[in-house]
Every structure is written in structure tokens, then in C-alpha cells.
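FYI, it's all coordinate maths here, none of it is from the lab. In this text, all values refer to a predicted model and were calculated from it rather than measured experimentally. In this analysis, Cβ positions are derived from the backbone assuming ideal geometry, glycine residues included, and neighbour counts consider all displayed protein chains.
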Amino acid sequence: MTTNSAPTTAITHIAQLVTNDPSLGEGPLGLIQDAAVVIDGDRIAWVGESSKAPATDNAVDAAGRAGLPGFVDSHSHLVFSGDRTAEFNARMSGRPYSAGGIRTTVAATRAATDEELHTNVARYLAEALRQGTTTQETKSGYGLTVEDEARALRIAAAHTDEVTFLGAHIVSPDYADDPAGYVDLVTGPMLDACAPHARWVDVFCEKGAFDGDQARAVLTAGKARGLTPRVHANQLGHGPGVQLAVELDAASADHCTHLTAADIDALAGSRTVATLLPGAEFSTRAEWPDARRLLDAGATVALSTDCNPGSSFTSSMPFCIALAVRDMGMTPDEAVWSATEGGARALRRTDVGRITPGARADLVLLDAPSHVHLAYRPGVPLVSAVWHKGVLI
Ligand code: NIG
Ligand code: FE
């Protein structure tokens, strides 16, 4: 099968393949046993049973390993400098997590050179890719001046297409006595400088960060400049974040740790994805979000790392899958769907998160006979091969 100049590759004898396309295989994961996938350039050209695979230029024998789409990590904060080991140590000795720790990273990030920040982003993206993440969203939010936020977004955009403006992470320390003035800055000059470099606008809607009215002002101003909202909502306590996300048709409400029945109903009745970030609950010893309640109500759930130096310093989607299964009431199938197709929905993407003809050729092989092993064998580096945009890493 040679359709154009790029050589085609067949990956055959995949013990069990998650396609996330129910029309291609069994159940919601569209599972195919003894499957093959044909890659043509950066796209998937064919998916089916190994015995029926068309002839290709190259062949790779998966030799009984399981396959799944590359992970779609729809929430991270990778443009930062510095380290918060001391804060983590203090927390593990009993100190609670608070939004205030962000200020430590703001100071270190402002002091860093562009080159240092590029190196950091590249390092964590490479780390994530080795663990199977082939789509990575990332945010600003550790600059909190017009120049530092725009710089963070320019740096993020050099490494990924999924870039989020989070100037409203906390009130800048420079505006400690004038939070309203900071919201004016974010919704005015900062957005003017930042919107050209981003696809999304986010706000940390929480006690200690921004209240419902301030969050609405930020998201509405972002929308007016062509950005689509996503919201850090209901992480540390109950609050208006989730309802606001649904009201503004945000792509995603992230964290969703403290939800009322009305919050769950609102998410279930909307296309706003509930993105759960179990690394944050793990690293802050907080109570787990209840994925079961959301799923049973009919909400769409995504899983993501929230990778950041404060509340969740992991880039590992397999780790998040294992936590979601053990502690949040998800089945292994649900968790794998949420870490792939769920993340794609949270980013409103249809070209990633699934292995279907025409999708981007992002595929992971596991040193295991099925995707369930991601939860069954926690902490084990099972990811044995990663194709990203058709290229074997
Ligand atoms: O998603 N919640 C707000 N922002 C990050 C934490 C950032 C930090 O502590 O540095 C989060 O958990
Ligand atoms: Fe976050």
C-alpha cells in the first residue's frame, strides 16, 4: 500500500488494540484482538485485524504487546523555573496546600532566562513523551506581568499547539493591595499581549485566587479576543467555578474535587468536560474527586497530570490512570478512555486520542498483553514504544 511518497508502515500482531472507535471493535474502547495499524506519513491509514492488513513498505511486529492511542494530557503548567521540594516536604509533615505557594514559582520564573525556560519545557515534554503522552496542553501563569505572561506563552507555543493563557492564576504580588486593578490588567493590556499566542483562557477560581465575578470577567474578556475558556474549578473547596464553566461553555472544568449535586448535573447536561487531576490530590494529600458520581450522571471525564512544581509534579499519565482506578472509582477501561479520548474532548480535538483512519499517527505499545495493566501494574514503566506524528520515538 503506497499512496504517496512517504513509506507506509504496518504495526502487526498487537495483542489487543484500544481504538476508542466503537465502530472498529468491541465496546466503548473499540477493542480489536491481534490487531494491525498502518501508518502513512503522520496519519493512520488503516486499522483492523492483523491477518487482513494490506501490504506496506515496512513492517513492525508488536509481538503480542498491547496498543493504545498516545495519551492526551490536557492540563499542565510547564513554563516555570525553580523547585518546591521544601514545600512538598512541609506538606508531607502535615502542612496543608494553599494557592500561596505559587508565588515562589512566580519569583523563580521571572528571574529565569528564556533559554532556561525553553530547556525546562522541552525536558518535561520529552519526559512525558517517553511515558506515552503525544499531545500536551500547557499554560502560562507563573509570570503575572504583561511581559512575563506573553513570554511564557511564546515559549510554550514554540513547543506545543495547545497553549493556555493563565494570567489569572493568582493575583500578582505586585497588586497585593489592589486585586481589582490586577483583574483590569489581565482583562486589558495583558490579554492584548497574550491572546495572539494562545488558544485557551483559564482562571484559578478559588478562595485565595479569583472569585466568581472576577473569573467571569477574565473568561469573558478572553472569549471576546477569540480564546476558548477552561477553568481551574472546585479544587480546594466548593465554589462557583464549575457552574461558571458550564455557563460560558468552557471546554473543560478542571480539578472538580468538591462538587455539589447541582455541579454534577450541570456538567452532565453540558459539553464541558470534567477533567480530573489525581496527581494533585496525591501530592497535596487531599480528598479524591469522585469520578464514579460524574460518570454515572453522564458527564464526560478526562484525566490529566496537572504537571507543575507545586501541587502535582508528575508528567506520568500511567500514574494518573492507576490512581483514578484505585482511588476515584473508575474502571481501567474508563480511565484509559479518559486519558486518551477524554483528553481529546477536553481540547476539542478529533484528530488525536483515537486510532482510526485519518487520525494523527500517535500510538503507544505496552510491554503487557492489555491496557488494563496500566492500572494493574502501577509504577512499572510499561510504555515500550511510542509513535508521534508517525515517527517512532
Ligand atoms: O492546578 N490550582 C492552581 N494551579 C496549580 C497549582 C500551581 C502551583 O501550586 O504552583 C494546580 O494545581
Ligand atoms: Fe492546574
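Using the crude model of +1 on Lys and Arg Cβ and -1 on Asp and Glu Cβ, and no other charge, please compute the dipole size for segment 71-347 relative to its Cα centre, in debye to 20. Please list the in-between numbers first.
Numbers: 22 positive and 36 negative charges, 66 e Å.
I would put it at about 320 debye.
Out of residues 5 or more away from ALA302 or on other chains, whose amide H comes under 5 Å of its own, with H placed 1.01 Å from N in the peptide plane?
The list, which skips near neighbours in sequence, is ALA274, THR275, LEU276.
Which ³J(HN,Hα) values, rounded to whole Hz and listed in residue order, are derived for segment 209-226 from phi using the Karplus coefficients 6.51, -1.76 and 1.60 in 6.51 cos²θ - 1.76 cosθ + 1.60 with θ = phi - 60°, glycine and proline given as x?
10, 10, 7, x, 5, 5, 5, 4, 4, 5, 5, 5, 5, x, 4, 4, 9, x
With unit charges on the beta carbons (Lys and Arg positive, Asp and Glu negative) and the dipole taken about the Cα centre of the chain, which residue among ALA10, VAL352, ALA193 sits farthest to the positive side?
Selected residue: ALA10.
Residues of segment 70-90 with amide nitrogen under 17 Å from the 7 Å Cα-to-Cβ point of THR160?
From segment 70-90, the list is 70-81.
Considering every pair of different Cα atoms, what Kirkwood radius, in Å, is found for segment 71-347?
Here the Kirkwood hydrodynamic radius works out to 18.1 Å.
Using a simple charge model, +1 on the beta-carbon of Lys and Arg, -1 on the beta-carbon of Asp and Glu, nothing else, what dipole does segment 220-337 show about its Cα centre, in debye to the nearest 20?
On the way: 8 positive and 13 negative charges, 65 e Å.
The calculation lands at about 320 debye.
May I ask which residue of TYR124, GLY222, GLN33 lies farthest towards the positive end of the charge dipole of the chain, with charges of +1 (Lys, Arg) and -1 (Asp, Glu) on Cβ and the Cα centre as origin?
GLN33
Please report the net charge: other residues with Cβ closer than 15 Å to the Cβ of LEU117, K and R +1, D and E -1.
Every neighbour counted, the sum reads -2.
Using only helices, what value at 222 nm comes out for the chain when you add -39,500 (n - 2.57) per DSSP H run of length 4 or more and divide by the total residues, to the nearest 500 deg cm²/dmol?
Working: 15 runs with 125 residues, N = 393.
When only DSSP H runs of four or more count, the value is -8500 deg cm²/dmol.
Put +1 on the Cβ of every Lys and Arg and -1 on every Asp and Glu Cβ in the chain; which of PRO289, MET330, SER74 then has its Cα farthest towards the positive end of the dipole?
Checked the options; the winner is MET330.
Could you give each residue of segment 105-111 its phi-based ³J(HN,Hα) in whole Hz, using Karplus coefficients 6.51, -1.76, 1.60 with θ = phi - 60°, and x for Gly or Pro?
Here the 3J(HN,Hα) series is 6, 4, 4, 5, 6, 4, 7 Hz.
I'd like the Karplus ³J(HN,Hα) series for segment 131-143: coefficients 6.51, -1.76, 1.60, θ = phi - 60°, whole numbers in Hz, and an x wherever there's a Gly or Pro.
9, x, 7, 10, 9, 9, 7, 8, 10, 7, x, 10, x
Check cross-link reach from LYS139 to the aspartates and glutamates: straight Cα distance under 16 Å, and skip same-chain residues fewer than eight apart.
Within reach: ASP73, ASP114, GLU147, ASP148, GLU149, ASP161, GLU162, ASP202, ASP254, ASP306.
At 7 Å along Cα-to-Cβ for each site, give me the label-to-label distance between LYS389 and ASP184 in nm.
Computed distance between label sites LYS389 and ASP184 equals 4.3 nm.
For ALA63 and ALA224, what is the calculated FRET efficiency with R₀ set at 51 Å and r taken between the beta-carbons, to the nearest 0.05?
0.45
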